[in-house]
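Reading through the structure tokens given below for one structure.
The values are calculated or read from the model by the stated rules, or taken from the named source; none is laboratory data. Computed from a prediction, not measured in an experiment: that's the story for all the values here. FYI the Cβ positions are ideal-geometry reconstructions off the backbone, even for glycines, and counts take in every protein chain you see.
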Amino acid sequence: MAEHPAYPVGLRLTGRRVVVLGGGQVAQRRLPALIAAGADVRLVSPDATPSVEAMADAGEITWERRPYAEGDLADAWYALIATSDTEANTAASAEAERHRVWCVRSDDADRATAWTPATGHSEGVTVAVLTTDARHRDPRHTAAIRDAVVEGLRDGTLVAPHRRTRTPGVALVGGGPGDPDLITVRGRRLLAEADVVIADRLGPRDLLAELPPHVEVIDAAKIPYGRFMAQEAINNALIEHAKQGKAVVRLKGGDPFVFGRGMEEAQALAEAGIPCTVVPGISSSISVPGAAGIPVTHRGVAHEFTVVSGHVAPDDERSLVDWPSLAKLTGTLVILMGVDKIGRIAETLVAHGRSPETPVALVQEGTTAAQRRVDATLATVAETVVAREVRPPAVIVVGEVVGVGPHGTA
């Protein structure tokens with residue numbers, strides 16, 4: 001058998017009996033894929049890991065709490081043998097052979113009739129990698145090949161032509177806080193498939209350099225518009241390009257729906273009859289503090305955090321923020337777009353009860369190579385911003401969590 005390569009095949013297990021012997025780490029890794037395939041999974045094992053037990057409690061698998069017994073594989077289509085009992089594994093393998101049940105053995109692959117490939121998934125495609133030569137089987141090498149192929153499909157560096165007609169439309173993609181590695185897998189794939197990308201200034205700019213030459217990149221900040229027509233002009237640009245049959249990506253910083261006006265764009269597209277996909281992104285409100293060593297919550301310190309926009313001052317009639325109520329909270333306050341208003345914000349918080357000694361951290365250009373953190377208090381933050389020349393974009397964190405961690409002031 002070792003002289004011939006394995007024959008690759010995809011098993012359709014929906015509703016079909018699969019028997020798993022052993023409830024340890026091997027079963028824990030393999031069971032989710034079997035469940036996802038719709039298999040009727042029967043686990044035979046005296047005990048199981050907490051994760052496997054949770055699958056049984058949830059009704060995803062049937063668990064018989066006992067050792068393997070002759071006849072367990074009689075009605076199976078596929079078997080995974082992964083117990084710590086070599087004799088039981090050998091007996092079960094022999095039973096599988098007699099009943100012509102494809103059988104994987106975790107303890108002795110050479111005595112199995114089937115091997116589990118290293119698998120990965122990308123947009124409806126399953127990548128499965130097997131080592132064809134049993135004499136040179138290296139699971140780490142196989143997994144590395146799998147990872148390279150899947151990553152290439154996800155980030156667009158490995159491009160396979162689509163034989164189906166692509167549906168034009170717009171994807172509102174949250175690009176994350178700035179580091180190009182922090183965009184979601186789906187967002188990166190949609191970028192690779194785009195014909196037009198309309199990008200915000202705060203989006204992950206490094207990703208734009210990776211786009212193929214034919215992709216039209218439009219800087220949203222440079223779309224011609226009057227002072228109060230910015231969003232309408234962007235909406236019109238999205239609709240115009242989508243109506244030309246192009247795949248359009250609206251690349252935003254953070255998350256499209258966290259102070260990103262994503263819903264305004266989605267509504268405009270819906271009114272124009274343009275298909276719209278929303279791809280959530282990692283919000284700077286939690287990721288930037290985290291990158292600077294600040295947890296927005298911490299046991300015994302903060303049990304809640306509140307995210308507010310600081311683009312208008314507390315005394316501005318356009319403000320929708322209840323600053324007096326925020327001052328009474330004991331948790332963490334995260335302020336976005338508030339660098340130039342932080343002096344008046346700090347005064348308001350102190351005036352309504354927050355201690356002037358409350359720690360404040362300003363994280364500029366968070367998650368990028370230019371990231372820097374500046375610490376202050378509510379009493380000193382206004383002068384600190386000027387003295388240290390803090391500039392947008394910066395995330396401001398107010399609360400005792402600023403003093404937690406190796407970089408804190410506490």
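Assorted remarks:
- The condition of being in the same structural domain as Ala220 (by TED's automatic domain parsing), out of contact with any Gly (no Cβ under 7 Å at 6 or more places or on another chain) and surrounded by fewer than 17 Cβ atoms within 10 Å (Cβ to Cβ) holds for only one of Gly262, Gly273, that being Gly273.
- Entry remark, the range 189-201: residues being touching a helix residue (DSSP H, G or I) at 6+ places or on another chain (Cβ under 8 Å) and either under 21 Å from Glu365 (Cβ atoms) or in a loop (DSSP other than H, G, I, E, B) (or both) number 4 in total.
- For the range 104-124, a tally of residues being at pLDDT below 80 and closer than 18 Å to Leu11 by Cα returns 2.
- Residues of the range 377-399 that are within 28 Å of the chain's Cα centre (by Cα) and within 20 Å of Trp323 (Cβ to Cβ): Ala394, Val395, Ile396, Val397, Val398, Gly399.
- Some residue of the range 6-22 being touching a Phe, Trp or Tyr at 6+ places or on another chain (Cβ under 9 Å), buried (at least 22 other Cβ atoms within 10 Å of the Cβ) and farther than 15 Å from Ala96 by Cβ: no
- Val360 meets each of the listed conditions (1) surrounded by fewer than 16 Cβ atoms within 10 Å (Cβ to Cβ); (2) within 30 Å of Asp206 (Cβ to Cβ); (3) among the aliphatic types (A, V, I, L, M) apart from (1).
- If the condition is being in contact with a Pro (Cβ under 7 Å, 6 or more places away or on another chain) and either part of a helix (DSSP H, G or I) or modelled with pLDDT of 85 or more (or both), then the range 202-217 contributes Asp206, Leu207.
- Condition check for Thr62: among the β-branched types (Val, Ile, Thr) and within 30 Å of His141 (Cα to Cα): no
- Exactly one residue out of Ala6, Ala36 is among the small types (Gly, Ala, Ser), over 25 Å from Asp85 (Cα atoms) and within 27 Å of the chain's Cα centre (by Cα), and it is Ala36.
- Residue in the range 171-181 that is surrounded by fewer than 14 Cβ atoms within 10 Å (Cβ to Cβ), under 30 Å from Ala394 (Cβ atoms), at pLDDT 80 or above and not hydroxyl-bearing (Ser, Thr, Tyr) present: yes
- Residue list for the range 1-37, restricted to those being free of Cβ contacts under 8 Å to residues at least 60 places away in the same chain and among the hydrophobic types (A, V, I, L, M, F, W, C): Val9, Ala27, Leu31, Leu34, Ile35, Ala36, Ala37
- Residue identified as buried (at least 23 other Cβ atoms within 10 Å of the Cβ), within 25 Å of Thr119 (Cβ to Cβ) and either aliphatic (A, V, I, L, M) or touching a strand residue (DSSP E or B) at 6+ places or on another chain (Cβ under 6 Å) (or both) among Ala54, Ala79, Ala33: Ala79
Yes/no per residue for (1) more than 25 Å from Glu383 (Cβ to Cβ); (2) free of Cβ contacts under 8 Å to residues at least 40 places away in the same chain; (3) of a type in the set (Phe, Trp, Tyr):
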site: Gly310; (1), (2), (3): no, no, no
site: Glu317; (1), (2), (3): yes, yes, no
site: Val321; (1), (2), (3): no, yes, no
site: Val334; (1), (2), (3): no, no, no
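- None of Leu13, Leu31, Leu43 is in contact with a helix residue (DSSP H, G or I) (Cβ under 8 Å, 6 or more places away or on another chain) and assigned to a helix (DSSP H, G or I) except Leu31.
- Scanning the range 341-374 for residues that are under 18 Å from Pro393 (Cα atoms), part of a loop (DSSP other than H, G, I, E, B) and charged (D, E, K, R) gives a single hit, Glu365.
- Matching residues, the range 400-410, being surrounded by fewer than 22 Cβ atoms within 10 Å (Cβ to Cβ), outside any loop (DSSP other than H, G, I, E, B) and either modelled with pLDDT of 95 or more or over 30 Å from the mean Cα position of the chain (by Cα) (or both): Glu400
- Exclusive hit being without any contact (Cβ under 8 Å) to a residue 40 or more places away in the chain and either at negative phi or among the hydroxyl-bearing types (Ser, Thr, Tyr) (or both), set Arg372, Arg391: Arg372
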